[in-house]
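We did not get these values from a lab; they are worked out from the coordinates using the rules stated. These numbers were taken from a predicted model, which means no experiment stands behind them. All Cβ positions, glycine included, derive from the backbone under ideal geometry; neighbour counts span all protein chains shown.
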Amino acid sequence: MYYFTADEHYGHAAIINHCSRPFENVEEMNAEIILRHNEIVGVNDITVHVGDFCWVRNKEGAAEYIKQLKGNHIFIKGSHDKWLPASAKYMWRKMIEGQFVVACHYAMRKWERGHHGSWQVYGHSHGRLPPIGKQYDVGVDNNNFYPVSFNRLKEIMNT
């Protein structure tokens, strides 16, 4: 199963106030987002992190969060992902169960195959930007701090 999420901001204390997150401190926020991830993602699942994974500048710091999360992980570069190499991708595209999905940290007005029913998942807006057409904000602030499963995306896109 594929899951999508964005804007976890692990280790970023200021995001709590910036986004009115319901946590007392960054440790509580990190623990709760990790807990919710692990509640639904299995060890063989794939999670596409669509930017702003954590507030660190090196791979070792990010690895401390990654090792606590179940499943396999694909990371798309967002506006705060200094830990990812310069060659990291800003966009990910994949056909899943016959559905073409485009993932980018930023919402796009137009995206690959958008006029042919493809979906675009994004983050960055922390639930403050309404979708256009077949796109959806998969950020934790928009999804009760849980990743969004591909099956849930199907439900969302069908309505």
Inset, instruction - Mind sorting Trp119, Trp92 by how few other Cβ atoms lie within 10 Å of their own Cβ, fewest first? - result: Trp92, Trp119
Inset, instruction - Express in % the proportion of alpha carbon pairs of the chain at distances exceeding 28 Å. - result: 14 percent
Legend entry - Simple label model, 7 Å out from Cα along Cβ direction - Met108 to His18, nm: 2.4 nm
Legend entry - Computed lengthening from Lys59 to Lys82, 0.36 nm per intervening residue step minus Cα-Cα distance: 7.4 nm
Legend entry - Rounded to 5, the percent of DSSP beta bridges in the chain classed as antiparallel: 30 percent
Legend entry - Span per principal axis, largest first, for the Cα atoms of segment 81-159 (Å): 36, 27, 23
Legend entry - Additional length obtainable on full extension of the chain from Arg93 to Glu32, 0.36 nm per residue less Cα span: 19.1 nm
Inset, instruction - Pull up the cross-link candidates among the aspartates and glutamates for Lys154, meaning alpha carbon to alpha carbon under 16 Å and not fewer than 8 places away within one chain. - result: Glu97, Asp137
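Would you mind putting 47-55, 9-17 in packing order, based on average other-beta-carbon counts within 10 Å, highest first? Walk me through the numbers before you get to the answer.
Values: 47-55: 25.1, 9-17: 17.7.
For the peptides 47-55, 9-17, the packing ranking is 47-55, 9-17.
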Legend entry - Relative contact order (%) - criterion: Cα under 8 Å, at least six apart; region: segment 33-159: 20 percent
Inset, instruction - Give the cross-link partners of Lys59 among the lysines, using a straight C-alpha distance below 20 Å as the criterion and excluding same-chain residues fewer than 8 apart. - result: Lys67, Lys70, Lys77, Lys82, Lys89
